[in-house]
Each structure stands twice: as structure tokens, then as C-alpha cells.
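Asks: I'd like to ask you about the structure that follows.
The values are calculated or read from the model by the stated rules, or taken from the named source; none is laboratory data. Because the structure is predicted, anything quoted here is derived from the model rather than measured. Here Cβ is always computed from backbone atoms with ideal geometry, including for glycine, and neighbour counts include all displayed protein chains. Ligands, DNA and RNA are excluded from the accessible area calculation, which covers all protein heavy atoms including side chains. Shrake-Rupley method; radii C 1.70, N 1.55, O 1.52, S 1.80 Å.
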Amino acid sequence: MQINPYHNALEQLEHVASLLRPLYTKREAAFEQALQRLRRPDHFYETTLEIAMDNGSIRRFTAYRVQHNNVRGPYKGGIRYHPGVTADEVRALATWMTWKCAVMDIPYGGGKGGVVVDPRTLSENELRRLSRAYGRFLADKIGPWVDVPAPDVNTNAQIMAWMMDAVQEEYDRTGRNVENPFALFTGKPVALGGSPGRDEATGLGGIDVLERWRKQFTNIERSGLPIAVQGFGNAGSWFARHAHQRGYKVVAVSDSQGGIYTPAGLDPFAVLDCKQQTGSVVNYQPGAVERISNEQLLELPVAIIAPAALENVITSSNAANIQARLILELANGPVTPKADMILFDRGITAIPDVLANAGGVTVSYFEWVQNIQAYRWTRKTVRKRLEALVNRAFDEMWHIHVDRSIHCRMAAYYSAVRRVIDAMLLRGGFED
Ligand code: NAD
């Protein structure tokens, strides 16, 4: 049976609510009202985009934008192009964005967008038309102080540039004033207001988290520690390259077509070359490289697995077979709530998505700050500030994890959801 990620998100919210309730005994009614608001997104938008194909035909694509919560700042979250996108997946991803921005304590709420499409079936021109149409759909829903979208699975800096331009065109057409078009989207090309370091930020933030985790255990040497990475796109490939450069041993990687494994270790730079030239990592075959499935990759005898593709890959069906000591969630929602409990009971640490992949939204935040200031930072500044925010968030989560003996996701949610609820109560929209 298909696991619904939004059901997971709601189950996680109820779990953390049960931990937080005792803190709000003096404002019980207001707490319950705030919680009730968090159970549903503030806004849900759905449309059908009609695109002229190169052969003259018209194709229709379902598209969504979900705005979950904005009490701590503008809605923030990526746009996904994937044939498996559903309304509930986008709702779940938007909800997780609210928690992620609160974990990092950056001034945003949560949002997400998606289009039901396999972009590999489109030509460059069709992809541009689709992205510009989605930009027009967003035009009256977003803004630098309202909702700031970014890339996610199968979208990138070029697509953000097309969307930004389409929104600006729509504003011009309707006579609306756009104060600062560059601050409408993040993850843009550097030549159009993008931030140095945004491309690699998710992978790099994952490395910062990994290093911070390792420092909790002085006996764990980084050198040669085997890592398996599922998904070799933006998040996975940058993470693998940085891990390799720091002396970790990347022994397995995969993409939608399958995976490769060698205990001797891979060179992620060479694997990326191969993926760029042939379309998949599975074509990388020098030496004794074994072909494996995505399911096998997760159960390899490695120290660390980094799921960096899609949701629900570690479930109650395979959690008992995981051999790694650490799961670093570069993807959003790769571990289900049931699997969380199994892993916790087995002493396996899962660093949740809301922290492990928060490097992306954090540098998006830096990009937005730079756009508002009209002042570009250096990569070094971006890098230093990212590391500082990741370390702060990690230490906060780890302290709660150890102190309260709860798994890392609940520890991260404990402070994040509390921050969001406190902001709601401070605003005073609820009666006691
Ligand atoms: P991407 O499109 O760049 O790469 C996705 C990768 O996953 C590709 O290599 C693809 O082949 C692979 N893949 C797709 N389906 C797969 C499957 N069924 N099994 C194994 N591999 C599969 O996307 P991305 O931006 O790297 O995003 C990956 C994950 O990271 C998503 O969950 C996304 O939400 C999350 N994330 C990304 C960012 C970011 O800045 N890009 C930030 C935070 C979180």
C-alpha cells in the first residue's frame, strides 16, 4: 500500500504535540487552537497548466502551490517536477518546511509547489513554456514578503530564472508594481541574483551536520568511514563530493535507474561525469563495481546512509535490515514514523530532514537577504554563516535528544513546533 506522506506529517505533529502539551497548561485552549491551525495548510492552490507541445498538440499538467504557515515569516519552499507529485505530497512538504525554517530559526514559514510531470519527456522549449506558465500561476500568490519559492526535485537555477521572468512579465501586464523581482525566488543563477554557494548548500549543510554528529563521539574517525548515498542529483551528488574530499569513503551511489557499489570506494566526481554524459550512475563501470538496486543500497554494511531522493524509502518493512549507524536524511521524508521508532529502538541515529538538508533553505535565506540588501556576499561568508547556523541547530536538537531520550526528529520538532506555536500565541489570534 502507498504510504501517504501527509499522514506521516500529521502523525509526527500529533506526536510532538503530546510532548509539548504539558508546557502550555496555562494556555491550554490557545495551544489547542494553534495546533488545529497547524493541522491544515493556510492555503492550497491547484490548477491545470495547458502547454503547447513542439508538435502542435496541447498537453495539460496538474500543478500545486501549498502555503502551510507564515507566522514566523513569508512562506518558503521549493517547486518539484515529478510524475509522482500529489496534493498530499505537496501538503506534507509544505508542513515540513514550516518546521525546517523553525529548526534553523530563520524568519520564514513553510510552503511547497509541484507539477505532475516527468520533465525528461519534455524538450527544452516545452520545459521553458511549462515553467513560465507555472510562474504566471504563482504571480498573484507570491512575493518577497509573501512566499518565496526555490528549486526542488527536477527543478534548478535556470527554471527559477524562467519563472522569475514570467512573474515579472505578468506584473507588467497587469500594471502591478514589483519592488524587487530578484527577491521573488531563490536558487537563481548567480548572474541573476543567485547566491554564491547555493548550488552546493544542501550537500554542504549535510556535511556540517555529519561532522557535528561525529564530534559527539570522539572515537569515530572520519577517514575511510563508508557512506552510501541514494539519489545523485543536487543534494546527493554535492554531499558525496564534499564527503569524498573530506576523506569519507563513498562506497555506493544510485539514481532512479539503480545503484553501484564497491567497498573500495568510488570517486564521486568521476561518477558525476559519467551521469552527465550517459544519463545515469549505473553506467559507471571501472573495476569491481557491482550493480545494486535502490533497496539493496539502503541495507549495505556501511556506517552512514544518506537517502537523497524521495520520501518513504525506509519503512517498517526494511528498518530492521538497516546496518548503518547513522541515517542522514538529505531527502525530505525518507523515513516513516513507524521506521523512526524501529531505528530508535535499534540504537540507529536518524538525523531528520529538517536539519540534515536545511543547508538548502538556509542559503536560500542568505540569497534573499542579499537580494533585499542588493549586496553580494562571498562564498566564504556564505559558508561560514551556514556552518554557524547548522551547528547551533544541531546542538539544540542533540541536547533535547539526549536530555529527553527521544529520537532526533522529535527532538528537532520539539523546539521547532514550540517556536511556531509561541509565535502564534504571541500574535494573540487565539482566545484562552
Ligand atoms: P534532483 O532532481 O537534483 O535529484 C534527484 C535524484 O534522485 C536524481 O539523481 C534522481 O535520479 C534520483 N531519483 C529519483 N527517483 C529515484 C528513486 N525512486 N530511487 C532512487 N533515486 C531516485 O533533486 P534534489 O534537489 O537533489 O532533491 C533530492 C531530495 O532532496 C528531495 O527529497 C528534495 O526535497 C530534497 N532537498 C533538496 C534540496 C535542494 O536544495 N535541492 C534542499 C532540501 C531538500
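Asks: Going by the conditions given, is residue 302 within 10 Å of the ligand (Cβ to nearest atom), β-branched (Val, Ile, Thr) and more than 16 Å from residue 407 (Cβ to Cβ)?
Replies: On the way: within 10 Å of the ligand (Cβ to nearest atom): no; β-branched (Val, Ile, Thr): yes; more than 16 Å from residue 407 (Cβ to Cβ): yes.
The answer is no for residue 302.
Asks: If you don't mind, another one. Taking the criterion of being within 12 Å of the ligand (Cβ to nearest atom), on the phi < 0 side of the Ramachandran plot, outside any loop (DSSP other than H, G, I, E, B) and open to solvent by less than 20 Å² (accessible area, probe 1.4 Å), would at least one residue in the stretch 365-373 satisfy it?
Replies: yes
Asks: Identify the residue in the stretch 309-336 that is surrounded by fewer than 19 Cβ atoms within 10 Å (Cβ to Cβ) and in contact (Cβ under 8 Å) with a residue 40 or more places away in the chain and, among all such residues, is nearest to the ligand (Cβ to nearest atom). Spell out how you get there, then give the answer.
Replies: Kept after step one, since they are surrounded by fewer than 19 Cβ atoms within 10 Å (Cβ to Cβ), are these residues of the stretch 309-336: 312, 315-318, 320-321, 323, 325.
With in contact (Cβ under 8 Å) with a residue 40 or more places away in the chain added as a condition, the list becomes 312, 315.
Values: 312: 10, 315: 14 Å.
Among residues in the stretch 309-336 that are surrounded by fewer than 19 Cβ atoms within 10 Å (Cβ to Cβ) and in contact (Cβ under 8 Å) with a residue 40 or more places away in the chain, the one nearest to the ligand (Cβ to nearest atom) is 312.
Asks: Does residue 194 count as open to solvent by less than 30 Å² (accessible area, probe 1.4 Å), at pLDDT 95 or above, within 18 Å of residue 365 (Cα to Cα) and within 16 Å of the ligand (Cβ to nearest atom)?
Replies: yes
Asks: Consider residue 12 against the criteria (1) within 30 Å of residue 183 (Cα to Cα); (2) open to solvent by less than 60 Å² (accessible area, probe 1.4 Å); (3) among the polar types (S, T, N, Q): it satisfies all of them except one. Which criterion is unmet?
Replies: Of (1) within 30 Å of residue 183 (Cα to Cα); (2) open to solvent by less than 60 Å² (accessible area, probe 1.4 Å); (3) among the polar types (S, T, N, Q), only one is false for residue 12: (1).
Asks: When the stretch 270-290 is examined, which residues are found to be surrounded by fewer than 13 Cβ atoms within 10 Å (Cβ to Cβ) and on the phi < 0 side of the Ramachandran plot?
Replies: Passing the criteria: 270, 273, 276, 277, 278, 285, 286, 288, 290.
Asks: Related question: Identify, please: which residue in the stretch 204-241 is open to solvent by 20 Å² or more (accessible area, probe 1.4 Å), within 14 Å of the ligand (Cβ to nearest atom) and over 13 Å from the mean Cα position of the chain (by Cα) and is, among those, farthest from residue 374 (Cα to Cα)?
Replies: It comes out as 241.
Condition check ((1) in a loop (DSSP other than H, G, I, E, B); (2) within 16 Å of the ligand (Cβ to nearest atom); (3) modelled with pLDDT under 95) across all residues:
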site: 148; (1), (2), (3): no, yes, no
site: 155; (1), (2), (3): yes, yes, no
site: 177; (1), (2), (3): yes, no, yes
site: 182; (1), (2), (3): no, no, no
site: 188; (1), (2), (3): yes, yes, no
site: 202; (1), (2), (3): no, yes, no
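Asks: Looking only at residues in the stretch 223-282 that are of a type in the set (Ser, Thr, Tyr) and part of a strand (DSSP E or B), which one is farthest from residue 198 (Cα to Cα)?
Replies: In this case the residue turns out to be 261.
Asks: Of the residues that sit in the stretch 75-86 and are in a strand (DSSP E or B) and of a type in the set (Ser, Thr, Tyr), which one is farthest from the ligand (Cβ to nearest atom)? First the steps, then the outcome.
Replies: Restricting attention to the stretch 75-86, the residues satisfying the condition of being in a strand (DSSP E or B) are 75-82.
Going one step further and asking which of them are of a type in the set (Ser, Thr, Tyr), we end up with 75, 81.
Details: 75: 16, 81: 8 Å.
In this case the residue turns out to be 75.
Asks: Can you pull out every residue in the stretch 105-117 that is surrounded by fewer than 24 Cβ atoms within 10 Å (Cβ to Cβ) and either closer than 13 Å to residue 354 by Cβ or of a type in the set (A, V, I, L, M) (or both)? First the steps, then the outcome.
Replies: So in the stretch 105-117, the residues surrounded by fewer than 24 Cβ atoms within 10 Å (Cβ to Cβ) come out as 105-107, 116.
Across the stretch 105-117, the qualifying residues are 105, 106, 116.
Asks: Next question. Got at least one residue in the stretch 125-135 being within 14 Å of the ligand (Cβ to nearest atom), more than 22 Å from the chain's Cα centre (by Cα) and open to solvent by less than 40 Å² (accessible area, probe 1.4 Å)? Even if it seems obvious, please write down each step before you answer.
Replies: So the first thing to find is which residues in the stretch 125-135 are within 14 Å of the ligand (Cβ to nearest atom), and the list is 127.
Remaining after also requiring more than 22 Å from the chain's Cα centre (by Cα): 127.
Next cut, open to solvent by less than 40 Å² (accessible area, probe 1.4 Å) only: 127.
Checking the stretch 125-135: at least one residue is within 14 Å of the ligand (Cβ to nearest atom), more than 22 Å from the chain's Cα centre (by Cα) and open to solvent by less than 40 Å² (accessible area, probe 1.4 Å).
Asks: Does at least one position in the stretch 405-415 carry a residue that is open to solvent by less than 10 Å² (accessible area, probe 1.4 Å), more than 16 Å from the ligand (Cβ to nearest atom) and among the small types (Gly, Ala, Ser)?
Replies: Yes: the stretch 405-415 contains one or more residues that are open to solvent by less than 10 Å² (accessible area, probe 1.4 Å), more than 16 Å from the ligand (Cβ to nearest atom) and among the small types (Gly, Ala, Ser).
Asks: Scan the stretch 153-183 for residues that are open to solvent by 10 Å² or more (accessible area, probe 1.4 Å), out of contact with any His (no Cβ under 9 Å at 6 or more places or on another chain) and touching a residue at least 60 places away in the same chain (Cβ under 8 Å) and jot them down.
Replies: Scanning the stretch 153-183 gives 155, 156, 180, 182.
Asks: Something else now. Do the conditions hold for residue 384, that is, is it among the basic types (Lys, Arg) and in contact with a Ser or Thr (Cβ under 7 Å, 6 or more places away or on another chain)? Can you show your working first?
Replies: Working: among the basic types (Lys, Arg): yes; in contact with a Ser or Thr (Cβ under 7 Å, 6 or more places away or on another chain): no.
So residue 384 fails the test.
Asks: Quick one: in the stretch 337-364, of everything that is within 13 Å of the ligand (Cβ to nearest atom) and part of a loop (DSSP other than H, G, I, E, B), which residue is farthest from residue 238 (Cα to Cα)?
Replies: Within the stretch 337-364, the match that is farthest from residue 238 (Cα to Cα) is 352.
Asks: Something else now. Could you check the stretch 283-299 and list, in sequence order, the residues that are out of contact with any Leu (no Cβ under 8 Å at 6 or more places or on another chain) and within 16 Å of the ligand (Cβ to nearest atom)?
Replies: Matches in the stretch 283-299: 283, 291, 293, 294, 295, 296, 297, 298, 299.
Asks: Also, quick follow-up: Which one of 72, 120, 59 is more than 16 Å from the ligand (Cβ to nearest atom), open to solvent by 10 Å² or more (accessible area, probe 1.4 Å) and more than 19 Å from the chain's Cα centre (by Cα)?
Replies: Exactly one residue qualifies, and that residue is 59.
Asks: Can you find a residue that is over 17 Å from the mean Cα position of the chain (by Cα), in a helix (DSSP H, G or I) and surrounded by fewer than 16 Cβ atoms within 10 Å (Cβ to Cβ) anywhere in the stretch 35-46? Please lay out each step first, then the result.
Replies: We begin by selecting, within the stretch 35-46, every residue over 17 Å from the mean Cα position of the chain (by Cα); these are 35-46.
From what's left, in a helix (DSSP H, G or I): 35-38.
If we keep only those that are surrounded by fewer than 16 Cβ atoms within 10 Å (Cβ to Cβ) too, we end up with 36.
Looking through the stretch 35-46, at least one residue is over 17 Å from the mean Cα position of the chain (by Cα), in a helix (DSSP H, G or I) and surrounded by fewer than 16 Cβ atoms within 10 Å (Cβ to Cβ).
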